[in-house]
Amino acid sequence: MKRRVSARVWGGVLAALVAAPLWAAEAEDPFYKGLQERGLESLMKAYVEQPGVRPAGGGETGTVGSKVQQAVLQIQQAATAKTVADRDASFEKAKELYEQAIAEAQEALAGSPATDWKNRADARLQILTWCAELAGMIFQNWLKNDLDILEVTDRRGGDREKVARLLQTAEQQYRAAFQGSMEWQSEIDRDPNRNQYVNAGYTQRLRDLQRDAQYYAAWTAYYRAWTLPKDYKPPQGGRSREDLLNDAITAFQSYRALPDAVPAKWYAYLVAGLAQRELGKYEDALTSLANADNASAPEALKIRVAFEIALTRVRQGKFKEARKAIENAREFFGAPKINQNLYGLAMPLVEAESYIVEAKATNDAALKGKGVELLKTLNQRDPPWPYIVLNLMPSLVGAQENIEQMEPFGLWILATDTFAKAREAKDSKQLEYALRLFKIYAQKVGEKDANYAAALYNQAACLLQLGRKEEAAEAFKGVAESAPDYQYAAESAKYYVGVRGQLYEAAKTPENRDAYEKALAWFVSSNWLKTDPDQQYFYALVLYRGEKYEDAAGQFAKVARESEYYPEARYWVALCRFEGFREKILPTGDKAIILSRARVVAKDLVDFADYARRAQGLPDEKRQQVLGWAQAACLNAAAVYIYPEVGLYDDGLQVLKDMEKTFQLDKELQGRVLKYKIEALQKLRRLDEAMAVLDTFLAQAKPEEIGPALGDMIQAMIEDVERLIRANKKEAARTKVRDAEQLGDRLRKWFETSNVKNKQQQMENIQYELAELYLASGDTERALAIYTEIGGPKPEQEEQGKPIKVDCVFGMARCYETMGEAAPDAGQARPHFERALELWRVLLEIEEQARASNPARLWDFRYHNYYCRYRLGDKEEVRKALESLAIIVHPQALGGADPILQKKFRDLRGAVSPAP
């Protein structure tokens, strides 16, 4: 039966140190009693709660004391951190804050008046206390789990260097607290006013601090020596590992003389036994450990002693005796107590090691099998046991060259270890190796194995990290389908959809969209939808992007009311039907179908607007957004009615009037509403009303509102023209452009009397847009006239203080080239192509000299230069020039990255090539 290691038990180092020190039997003081019962964890709390201790300077709060408070908060954050990195970062910050507080308090103490003995004493005691607190924070909080891992793996797991470094810091702070309290105690003993310190309780608290710090300094010194590698080489003049271990034995020697009721006595024997084992003195170690196993010793210590005796026997090579020690402990203490103690839970590790090491010595495969089976059982426990097994396996079982012949358990451990290291190092070769290992494992064990699904999942994760997203997506889908009860099956299903979405967003090809759509369809039709209901919305959205409007509307309608996307989905239902109407119904030309469908679509849009106005419980920002969609929906409903193919202009006008009554329209929307109203009135031949609508608005508007409103209307008309051009309705487009130009003339007059900034530029921008639309709709002469009006007949010539109007040159070049192409014969075409060539050459020269040349423009201008020369009869020169250019830019194609330009260049080269 699996058992989760409780927080109380998993604090292995605390369990190792629950021994109350020598003073525990002296009195029933709550501090010492709590220290005895709860171990080191009470040390910092007890010191923090000591009455009368204040930060340097005499106050109970202040910048120095606040830093310690901040440090305590960092410790609390570390306790709830989700990652080791976050945990270490919080502890590191707490350490820095303590060190800053100590340094600042020492500086303040040095500058305080010598006559202020009380505040100076409080500050001095506080500094010593903070040193002990800092040491305790490192030893009992920060290093707790790290030492646990090191101990149960006998230093084959965990971060040994980090532990050794921090233990040294903790030991230094404990010794600083001990030495500082000793020196101050000596000063007090020589002080004529000694009684004032005694009466105020300082001497007693100093004695308490001395023995606390001395005891814990001995523990940190032992652990620091223990963590050092056996081949440790001390610095010049430093003490060797053996010296440090003997020092630890000596440091605990005095505690053996304590009364039997004091647990510190028995922990002193424990430390002696552990240190002697490290020194290779196994019989001495067993004697010391046997002494620690006293009837008066705490039960937790007795269980640990059983563990340490068994481990010592393994180190001796007496494997049967090791297993017998474990068997005796289990029989004596019973499973409930064993399974609530870290060292009891770790006994199978020692037992497994005894089998495997003995098997190596005797070449007994059966013994090795027993050990491996124990490790398998441990590996099935909750974390951190799989991590512990992972760290032990290489040293116990060793590597096997032929991975195809490895046992599944060893293969699993190797694959897991390889994958973890590869991810951390971002090593693609190791990721490939991990992928191979997981594949071999899955093939060996089959789907009935407990780790089969995890092997498939890890394969998918390897593929994802390798950037092989297509394969990763399908692998994640395979996990979700083949192992629906796997703990990460739901995540696999989400990854499948998510990775397909990433592929689509990275390259919006039809193939990627179809694959993403299929993934979403699979997800929303499965039980996984309840784990992420929002995918229903995204499925509908990708259907919309695929122009499957009716299907998309149906899927948007399935979005749950509880979803955060419900308002959007309501809008998209109407919008999809609107888009379907425009793209699918209107082109049919069937008047009956168009008319009946138009009424349905318009009603859907208006119904959404009604919903939006009544929607309750939305955040303010979302509500404003939804109301914005409602306005757009009403405008689209009016547009449906006003389409020439529909012709329900009165219905459209009514929607627009209701909009004006219901919503506070912004300037842009006002212009669009005005445009539709004017258009509807014109279609109804109510021309006087149409002009009255516009004139009434202009008469009532503020001067600064007239221009923007006209500009918005012009922009709306320009957008309408662009739509007509895209639909190849050029005649209708030219008519609309002329209407827009008339409004532009009115706007220009307004500009002339206004004080707006950059009005000349704004006027020119409108002219540019009109000229472009004329050119696109086929009225080249009018486009050229506007360009000439903007830049003059020679816009390519520089005027003093004025830059060349490149956009104007570009427009005129296209106009002349178009006119040349439309000329009835070569003679009439020639002057147009000659003028176009002059302008294209200017543009090419400007682009070539630009600091940040645009490759696409450069190729475009080159093409038109060659094309005009070809049309002017320079066929042979153009051919040679293109051949030379092709050699220069090889392997790049003529035309750069633009496939359209590439085709133009190919066609041009074909035109100038000699006939076969």
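The values are calculated or read from the model by the stated rules, or taken from the named source; none is laboratory data. This is a predicted model, so every value here is computed, not measured. As a convention, Cβ positions derive from the backbone with ideal geometry for all residues, glycine included, and neighbour counts pool all protein chains shown. All accessible areas refer to the heavy atoms of the entire protein, side chains included, with ligands and DNA or RNA removed. Shrake-Rupley method; radii C 1.70, N 1.55, O 1.52, S 1.80 Å.
Report the charge-dipole magnitude of the chain in Debye, nearest 20, computed about the Cα centre from +1 at each Lys and Arg Cβ and -1 at each Asp and Glu Cβ.
Numbers: 127 positive and 132 negative charges, 251 e Å.
Magnitude of the dipole: close to 1200 debye.
Can you tell me the orientation of helix 160-190 relative to the chain, as the angle in degrees between its alpha-carbon axis and the longest Cα principal axis, to the nearest 10? Here the helix axis deviates by roughly 60 degrees. For the stretch 627-692, the list of chymotrypsin sites (Phe, Trp or Tyr not before Pro) that fall in a loop by DSSP and count at most 15 other C-beta atoms within 10 angstrom is empty. For the residue pairs Lys757/Lys805; Lys368/Lys426; Lys162/Lys281; Lys421/Lys469, the C-alpha atoms sit more than 23 angstrom apart in Lys368/Lys426; Lys162/Lys281. Report the local net charge at Gln100: Lys and Arg +1, Asp and Glu -1, summed over other residues whose C-beta lies under 14 Å from its C-beta. That works out to -3.
With no solvent and one equal point scatterer per Cα, compute the Debye intensity ratio I(q)/I(0) for the stretch 710-799 at 0.18, 0.20 Å⁻¹ and report its log10, rounded to two decimals. Computed log10 I(q)/I(0) values: -0.79, -0.93.
Under the combined filter of DSSP loop state and at most 16 neighbouring Cβ atoms within 10 Å, the stretch 324-387 retains none of its GluC sites (Glu not before Pro). Each listed q (0.17, 0.19, 0.24 Å⁻¹) maps to a log10 I(q)/I(0) for the stretch 819-896, found by the Debye formula over equal Cα scatterers with no solvent: -0.72, -0.86, -1.14. The angle between the Cα long axis of helix 84-110 and the main principal axis of the chain comes to about 70°, on a 0 to 90 degree scale. Highest mean first, the peptides 900-911, 734-745 sorted by other C-beta atoms within 10 Å per residue fall in the order 734-745, 900-911.
For the stretch 775-817, the Kirkwood hydrodynamic radius from C-alpha pairs, put into Stokes-Einstein at 25 °C and a viscosity of 0.890 mPa s, yields a diffusion coefficient of 233 µm² per second.
Between Ala856, Ala881, Gly811, the Cα set farthest toward the positive side of the dipole of the stretch 801-898 (charges on each charged residue's Cβ, about the Cα centre) is that of Gly811.
Evaluate the Kirkwood expression for the hydrodynamic radius of the stretch 261-390, namely the inverse of the mean inverse distance over all pairs of different C-alpha atoms, and round to one decimal in Å.
The answer is 15.2 Å.
Pairwise alpha-carbon distances in the stretch 569-662 exceed 18 Å for 43% of all pairs. Dimensions of the stretch 78-190 based on its C-alpha atoms, expressed as ranges along the principal axes with the largest first, amount to 55, 26, 18 Å. For the chain, the fraction of 1.4 Å probe accessible surface lying on carbon and sulfur atoms is 49 percent. Across the chain, Cα pairs under 8 Å and at least six residues apart give a relative contact order of 5 percent. Here the label points at Asp154 and Gln106, each 7 Å from Cα along the C-beta direction, are separated by 4.2 nm in the simple model.
Shape analysis of the stretch 250-289 places it in the prolate category; the axes a ≥ b ≥ c from the Cα gyration tensor give an a/c of at least 1.5, with a/b above b/c.
Debye calculation, C-alpha points only, no solvent: report log10 I(q)/I(0) for the stretch 759-903 at q = 0.09, 0.14 Å⁻¹, in the same order as the q values. Results for the stretch 759-903 at q = 0.09, 0.14 Å⁻¹ read -0.31, -0.74. Over all pairs of distinct alpha carbons, what does the Kirkwood formula give as the hydrodynamic radius of the stretch 865-916, in Å? After inverting the pairwise mean of 1/r, the radius is 11.2 Å.
Among Asp260, Asp485, the sequence by solvent-accessible area, most first, with a 1.4 Å probe is Asp485, Asp260. For the chain, the longest principal axis of the Cα atoms and the long axis of helix 591-614 meet at an angle of about 40 degrees. Think of the stretch 503-654 as a dipole: +1 on every Lys or Arg Cβ, -1 on every Asp or Glu Cβ, centred on the Cα centre; then among Val646, Ala515, Pro533, Val646 lies furthest on the positive end. Of the labelled figures (1) 108, 77, 49; (2) 120, 64, 62; (3) 119, 78, 61, only one reflects Cα extents along the principal axes in Å as derived from the coordinates, namely (3). Per residue, the chain exposes an accessible area of 50 Å² to a 1.4 Å probe, with every protein chain left in place. When Asp382, Asp620 are compared by accessible area of protein heavy atoms, the largest-first order is Asp620, Asp382, using a 1.4 Å probe.
Loop-located trypsin sites (Lys or Arg not before Pro) across the stretch 743-842 with a Cβ neighbour count of 11 or fewer within 10 Å are Lys757, with loop assigned by DSSP. In µm²/s, what is D for the stretch 604-659 at 25 °C and 0.890 mPa s, where D = kT/(6 pi eta Rh) by Stokes-Einstein and Rh is the Kirkwood radius from Cα pairs? Estimated diffusion coefficient is 210 µm²/s.
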